[in-house]
4 protein chains.
Amino acid sequence: MRKIPVGILGATGNVGQRFVQLLEGHPWFEVKFVCASEKSLGKRYEEIVNWKVSPRIPKDIAKLKVRLCVPDFNARVVFSALDSSVAGPIEEEFAKKGYIVISNSKNHRMDSDVPLLIPEVNPEHLDLINIQKTRFKGKGFIVTNPNCTTIGLTLALKPLQDAFGISRVSVVSMQALSGAGYPGVASLDAVDNVVPYIGDEEEKVETEPLKLLGSVGSGKINNAKMIISAHCNRVAVRDGHLESVTVELIKKPAIEDVVKAFKSFKGLPQKLNLPSAPADPIIVRTEEDRPQPVLDRDINNGMSVSVGRIRQSAIFDIKFTLLVHNTIRGAAGAAILNAELLKAKKLI
Amino acid sequence: MRKIPVGILGATGNVGQRFVQLLEGHPWFEVKFVCASEKSLGKRYEEIVNWKVSPRIPKDIAKLKVRLCVPDFNARVVFSALDSSVAGPIEEEFAKKGYIVISNSKNHRMDSDVPLLIPEVNPEHLDLINIQKTRFKGKGFIVTNPNCTTIGLTLALKPLQDAFGISRVSVVSMQALSGAGYPGVASLDAVDNVVPYIGDEEEKVETEPLKLLGSVGSGKINNAKMIISAHCNRVAVRDGHLESVTVELIKKPAIEDVVKAFKSFKGLPQKLNLPSAPADPIIVRTEEDRPQPVLDRDINNGMSVSVGRIRQSAIFDIKFTLLVHNTIRGAAGAAILNAELLKAKKLI
Amino acid sequence: MRKIPVGILGATGNVGQRFVQLLEGHPWFEVKFVCASEKSLGKRYEEIVNWKVSPRIPKDIAKLKVRLCVPDFNARVVFSALDSSVAGPIEEEFAKKGYIVISNSKNHRMDSDVPLLIPEVNPEHLDLINIQKTRFKGKGFIVTNPNCTTIGLTLALKPLQDAFGISRVSVVSMQALSGAGYPGVASLDAVDNVVPYIGDEEEKVETEPLKLLGSVGSGKINNAKMIISAHCNRVAVRDGHLESVTVELIKKPAIEDVVKAFKSFKGLPQKLNLPSAPADPIIVRTEEDRPQPVLDRDINNGMSVSVGRIRQSAIFDIKFTLLVHNTIRGAAGAAILNAELLKAKKLI
Amino acid sequence: MRKIPVGILGATGNVGQRFVQLLEGHPWFEVKFVCASEKSLGKRYEEIVNWKVSPRIPKDIAKLKVRLCVPDFNARVVFSALDSSVAGPIEEEFAKKGYIVISNSKNHRMDSDVPLLIPEVNPEHLDLINIQKTRFKGKGFIVTNPNCTTIGLTLALKPLQDAFGISRVSVVSMQALSGAGYPGVASLDAVDNVVPYIGDEEEKVETEPLKLLGSVGSGKINNAKMIISAHCNRVAVRDGHLESVTVELIKKPAIEDVVKAFKSFKGLPQKLNLPSAPADPIIVRTEEDRPQPVLDRDINNGMSVSVGRIRQSAIFDIKFTLLVHNTIRGAAGAAILNAELLKAKKLI
């Protein structure tokens, strides 16, 4: 099979680097174009990237000349790691010109005709693409993945929603530094400290899951009927968002039924055996002190959510702790899995 | 005034050191006896303590000969920082021999005749002392302060309980390393990590506030009728427990009324002007990203709880973030304030 | 005594904040003017400062209206915490207009007529002021303190130089995050990491001590004849630079003579009993694992250098570890001590 | 090829876990026996190990029953990660019984008939094995690898020694937490801190390289004639020792010749293409701020030493910074490479 050439928009930032890293040796996609802002134009990728995600830049990418984020190159698919301050119009521009935009940016997530996608959770939302194509008058469209904290949370809520129904969720996140990009969080705010605030984050965590767990009907998403309340904190962890979750269920299962729901959870990516799909989207840990970021974030190449400390809660029904690798399953890896699903469904 | 001579049980640990530090130059109490385990017997305090809480051991204490934790010395009051593996019987032994035991240990906190005391919250619980004296057949008795996480939480709940009534509380703590003593948490568990478990901690946080916020009647405490659910996490912070709190209230106040309740909160220690009492037991921060451990833990010598991010919660009524200095207001400082209240009420 | 009104140039940065904090309640000086860049003009200090050095901004300063860094206000003395990108001409402008500029910036440190001053080390260098006054044609002049790493090193070298003579010095620093200001070092560069490079730092550490330890003669400084080689590293410490130092001496003393030289070291500030002078400029630690940043940086209000692990070195003569509080003794406190010496010598 | 069955002594500690991890899927060796102390006897490895080096214990090893460290099992080769408090006699016991002991422990490193081996540096020291076999009266013998800090340093010194000759070396290490095992360093000693002392470490770093760089002659090692002086510090880094090195050379090369010596350095493992041998034992970094632990420790699976900031030193001739992965190239990986060399030379 000839690999599909792809471009990366915003290729030099933290998530952009993760795209480059995770797409190295990908069986279906091949990075042929790296796009960044004007000041990098024409330079080799290795000259201008402040590479931080592994010891070495993948060789073939290192030498690529950096292009502008303009739809003038020969690829049908682009991955967008653009900053939300610029992502909105650029992504639309690409879609209008017929490109398939797989975006990690927040700008179009809540657009009514844009799928906000986690392949294990809501693959049927891809139906929105047809409506979107009408908007963009062509073959181009945008598919987005949710916020990093949302992805971990929603992957864990999905089997509970299916098996028992969910009415209320309380989530407190302890989020990793890489979530803020580079330079991002100042070290004086991180060392010996926790910052109990992340701009815009709680709003995303409280709303995005409602769309993700909603149903498609009459060409639009009907949001799930549950209420989520979030506290988002920044802690001195490099990668891996930890979340303390408390859930009110509609049916009242025993703890072992909850464990079973987590353990048996599989989605379409597992069925289709997509290249980046982990065998188990959810790993259940039974130790009393797991998951932990430093020990568990990299399991299954950072694509599984680890869930542990599943127990009863006095205020609601159950509580547990989950961990998601925020720049892999929570960002670049999520987008790549989205692209793989599109390919498997012949939408690319 | 002649100062009251006091002893410290478990004087070499983290909390024991805080007692020594905070009692240096205290207007009412003077440390005359430092007690530890057999292996330290007869040595000078400075020879055996691994002093970590300030640059220098207070001079007068440095030279004290270490004694056993045995009630054979000439002081009426002892502060206990004993490890819970040994505190139970030792503290009783002292009480039986007529000593007043001001304990930070968990062992007797839930005894029905032992006051679990936060002077701003439940000074009327000191009535239990009379019952206890019957048990110990003399003048001796035990007064305890709650767990560090509980103290911060309960100080913040008290004005809400008084003004609006509380039905349910969800709390997620991000607790400091010093809470586990020394050596305590291994550095490989702390650096670039969060541990989502602290032994026995959630049980304490879910039960101790019920006693603290309960009422005295017929010689016993009638627990408050609320439900608390806790997740306790250990983060890479030296001092200062941060707590993300969500509260269901019985009355439904506006946010500004909640802020007012916090700001106007004063207790008996403020009225009595006790030496360690902070002017404001609760400090309200209005910045969007406060309180933070490294910035706020030392305010008012570590004796105030900082509350910030007061806002509405979709699942309950309000949510906020609080910070308590775990080894000062949450441990040694709490016990010293307890002793000051006893003295002011002529119970010492 | 009426206090001397002073201004602070660059009052909002990390060192500027330290000036504000350390001058609160100063017996001789009173901050009356805070100056910053144009965008802060006319706002209250508390509105624009991102205060990080203590729980609360000193009350009187909080309300001050921020001014431009222009010599148009009624104070004879200004402390400069300006960034080196702008400090050069601004400080000269103030000196020309007759102000006494006590600067922490690097720009004029090596000017031949500007004293680079550590009051315990080279108070006689103040003779340069007369020459400088000729340059500025008036009463104004500039006095600078050295780089933070240099101050700690030079304070420790001074007694060795006096007693034994120094020929070569090897120093490896492990420097605190606050040395880079705020936001300064990115947290992703700090957590679980060391950065073995600090821009321009090694040059300063290798040259500034030569001027400091030099002698005044014929209206200029004759640099000390020693060679210094430095490696400067950034570590995940909030405050306090640690330095591993190896020294080749001209005389060959026993270790106890070296210890004695450190312990008996006093300077003019101690003789004059200056308000910010520590009783002992050098504290000798005898424990095998001290000094440590978190334990020792605050001793004597951060104004003493702690020296420990004094032992023989196979390659040179002696080696030891030193610690200096980089934003107090290494910056704002250093400048204030400089101002105190000027006042005591009636140069202010 | 049938794989060679091997045992691991001290299989549950930090280095023991690294042996298990690195030997998973090894082409020549297969872990068949895991040995630990009496309290683990008979339990499955997964039941008693506090696994910290990767998300999951290798499956086949997880189920192994733990044995005592007694030479009663059917393997010719054992890897020893024993604590130095017990390693001495146990390793001898195995050697006496005919086992080949590949040890990471310090106990026998300086024995005159035991090779202290870095395969790229001194493979000819394996000649000592014949002498040792006389001592143990059989086929058994011990081969050791040096201390973690020594390995990084000596790999970097070897090409300099060969090309220019070395007279003096000053090294200051900033060592990772994992070097102290688990629980090892207390988190309160690590967070916001540096500890300027590591027990026994400086002695090892000052002496082991002299044996490693020495020559074999008349059945013994003649130590290299150079002088090394070390300061060893513990920093808040999980893995990867960073070292600031200053070297006095006998010949006086230009910097580019030094760079060339590093870059062109290869050893016997590269020639023999041993499974764990990195293509380049030394990686030269040209960025001004590299190597850094978090970015560079894992290059070439943790088996290469990264060298950067190569420049002239005022006191000696050159200075540079190096990084070595302390538990891989500095411990378990080192021992495995030693075993591979023995196998390639038909000594196993």
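The one condition from (1) touching a Gly at 6+ places or on another chain (Cβ under 8 Å); (2) under 16 Å from C:Pro281 (Cα atoms); (3) not charged (D, E, K, R) that C:Ser264 does not meet is (1). Of the numbered criteria (1) more than 14 Å from every other protein chain (Cβ to nearest Cβ); (2) under 30 Å from C:Ser187 (Cα atoms); (3) modelled with pLDDT under 95, the one B:Cys148 fails is (3). Scanning segment D:321-341 for residues that are outside the structural domain of D:Ala81 (by TED's automatic domain parsing) and over 19 Å from the mean Cα position of the chain (by Cα) turns up nothing.
Of the residues that make up segment B:211-224, is at least one under 18 Å from the mean Cα position of the chain (by Cα) and within 14 Å of another protein chain (Cβ to nearest Cβ)? Scanning segment B:211-224 turns up no residue that is under 18 Å from the mean Cα position of the chain (by Cα) and within 14 Å of another protein chain (Cβ to nearest Cβ).
In the condition set (1) out of contact with any strand residue (DSSP E or B) (no Cβ under 9 Å at 6 or more places or on another chain); (2) closer than 26 Å to A:Glu92 by Cα, A:Leu128 is compliant with all but (1). Among the numbered conditions (1) touching a Pro at 6+ places or on another chain (Cβ under 7 Å); (2) surrounded by fewer than 18 Cβ atoms within 10 Å (Cβ to Cβ), the only one that A:Val216 does not meet is (1).
Mind counting the residues in segment B:1-13 that are out of contact with any Asp or Glu (no Cβ under 8 Å at 6 or more places or on another chain) and surrounded by 23 or more Cβ atoms within 10 Å (Cβ to Cβ)? Give the derivation first.
Just the residues of segment B:1-13 that are out of contact with any Asp or Glu (no Cβ under 8 Å at 6 or more places or on another chain), to begin with: B:1-2, B:7-8, B:11-12.
In the following step, the residues that additionally are surrounded by 23 or more Cβ atoms within 10 Å (Cβ to Cβ) were identified as B:7-8, B:11.
Selection size over segment B:1-13: 3.
When the test is whether a residue is out of contact with any strand residue (DSSP E or B) (no Cβ under 9 Å at 6 or more places or on another chain), at pLDDT 95 or above, over 20 Å from A:Thr327 (Cβ atoms) and not β-branched (Val, Ile, Thr), A:Pro115 does not pass it.
In segment B:79-92, the residues that are over 13 Å from B:Gly7 (Cα atoms) never reach a residue that is part of a helix (DSSP H, G or I) with C-beta atoms less than 7 angstrom apart, at least six apart or across chains.
Set side by side, the residues C:Val237, C:Val245, C:Val258 differ, and just one is assigned to a loop (DSSP other than H, G, I, E, B), in the same structural domain as C:Gln175 (by TED's automatic domain parsing) and within 21 Å of C:Glu288 (Cα to Cα), which is C:Val237. What residue, of C:Ser167, C:Ser178, is touching a strand residue (DSSP E or B) at 6+ places or on another chain (Cβ under 8 Å) and not in a loop (DSSP other than H, G, I, E, B)? Matching residue, one of C:Ser167, C:Ser178: C:Ser167. Of the residues examined, D:Pro159 is not one that is in a loop (DSSP other than H, G, I, E, B) and either touching a helix residue (DSSP H, G or I) at 6+ places or on another chain (Cβ under 7 Å) or over 23 Å from D:Gly308 (Cα atoms) (or both).
Here is a list: A:Arg168, A:Arg238. Which entry is over 27 Å from A:Leu82 (Cα atoms) and basic (Lys, Arg)?
Working: A:Arg238 fails: over 27 Å from A:Leu82 (Cα atoms).
Result: A:Arg168 is the single residue among A:Arg168, A:Arg238 that is over 27 Å from A:Leu82 (Cα atoms) and basic (Lys, Arg).
In this structure, does D:Ile227 turn out to be among the hydrophobic types (A, V, I, L, M, F, W, C), out of contact with any Pro (no Cβ under 6 Å at 6 or more places or on another chain) and more than 10 Å from every other protein chain (Cβ to nearest Cβ)? Here the answer is no, as D:Ile227 does not meet what is asked. Within segment B:304-333, the set of residues being part of a strand (DSSP E or B), within 14 Å of chain C (Cβ to nearest Cβ) and not aliphatic (A, V, I, L, M) comprises B:Ser306, B:Gly308.
Screening the candidates D:Ser40, D:Ser80 for the property of being under 13 Å from D:Ile8 (Cβ atoms) and modelled with pLDDT under 95 yields one hit, D:Ser40.
Residue by residue, here is whether (1) away from every other protein chain (no Cβ under 14 Å); (2) under 20 Å from the mean Cα position of the chain (by Cα); (3) not in a helix (DSSP H, G or I) holds:
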position	(1), (2), (3)
B:Thr12	yes, yes, yes
B:Gln21	no, yes, no
B:Phe33	yes, no, yes
B:Glu47	no, no, no
B:Ile61	yes, no, no
B:Pro71	yes, no, yes
B:Val78	yes, yes, yes
B:Val86	yes, yes, no
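Scanning segment C:286-303 for residues that are of a type outside the set (S, T, N, Q) and assigned to a loop (DSSP other than H, G, I, E, B), we see that the one that is farthest from the other protein chains (Cβ to nearest Cβ) is C:Met303. Would you say D:Val66 is crowded, with 20+ Cβ neighbours inside 10 Å, more than 23 Å from the chain's Cα centre (by Cα) and either part of a helix (DSSP H, G or I) or modelled with pLDDT of 95 or more (or both)? Judged against the criteria, D:Val66 is a match.
The residues listed here are A:Ile221, A:Ile228, A:Ile255; of these, the one that is over 17 Å from A:Ala334 (Cα atoms), touching a strand residue (DSSP E or B) at 6+ places or on another chain (Cβ under 8 Å), surrounded by fewer than 19 Cβ atoms within 10 Å (Cβ to Cβ) and touching a residue at least 24 places away in the same chain (Cβ under 8 Å) is A:Ile255. Exactly one residue out of D:Trp28, D:Trp51 is surrounded by 15 or more Cβ atoms within 10 Å (Cβ to Cβ), out of contact with any Gly (no Cβ under 9 Å at 6 or more places or on another chain), within 14 Å of chain A (Cβ to nearest Cβ) and under 24 Å from D:Met303 (Cα atoms): that is D:Trp51.
Within segment A:258-285, no residue satisfies the criterion of being more than 12 Å from every other protein chain (Cβ to nearest Cβ) and either over 25 Å from A:Pro123 (Cα atoms) or touching a Cys at 6+ places or on another chain (Cβ under 6 Å) (or both).
In segment B:104-129, how many residues are surrounded by fewer than 22 Cβ atoms within 10 Å (Cβ to Cβ) and either acidic (Asp, Glu) or not in a helix (DSSP H, G or I) (or both)? So the count comes out to 7. If the condition is being touching a residue at least 60 places away in the same chain (Cβ under 8 Å) and at the interface with chain B (Cβ under 10 Å from one of its Cβ atoms), then segment D:162-201 contributes D:Ala176, D:Leu177, D:Ser178, D:Gly181, D:Tyr182, D:Gly184. Exactly one residue out of B:Ala95, B:Ala81 is within 24 Å of B:Asn300 (Cβ to Cβ) and either surrounded by 18 or more Cβ atoms within 10 Å (Cβ to Cβ) or out of contact with any helix residue (DSSP H, G or I) (no Cβ under 7 Å at 6 or more places or on another chain) (or both), and it is B:Ala81.
The values are calculated or read from the model by the stated rules, or taken from the named source; none is laboratory data. Quick caveat: nothing in here was measured; it's all calculated off a predicted structure. Neighbour counts run over all protein chains shown; Cβ positions are idealised from the backbone, glycine included.
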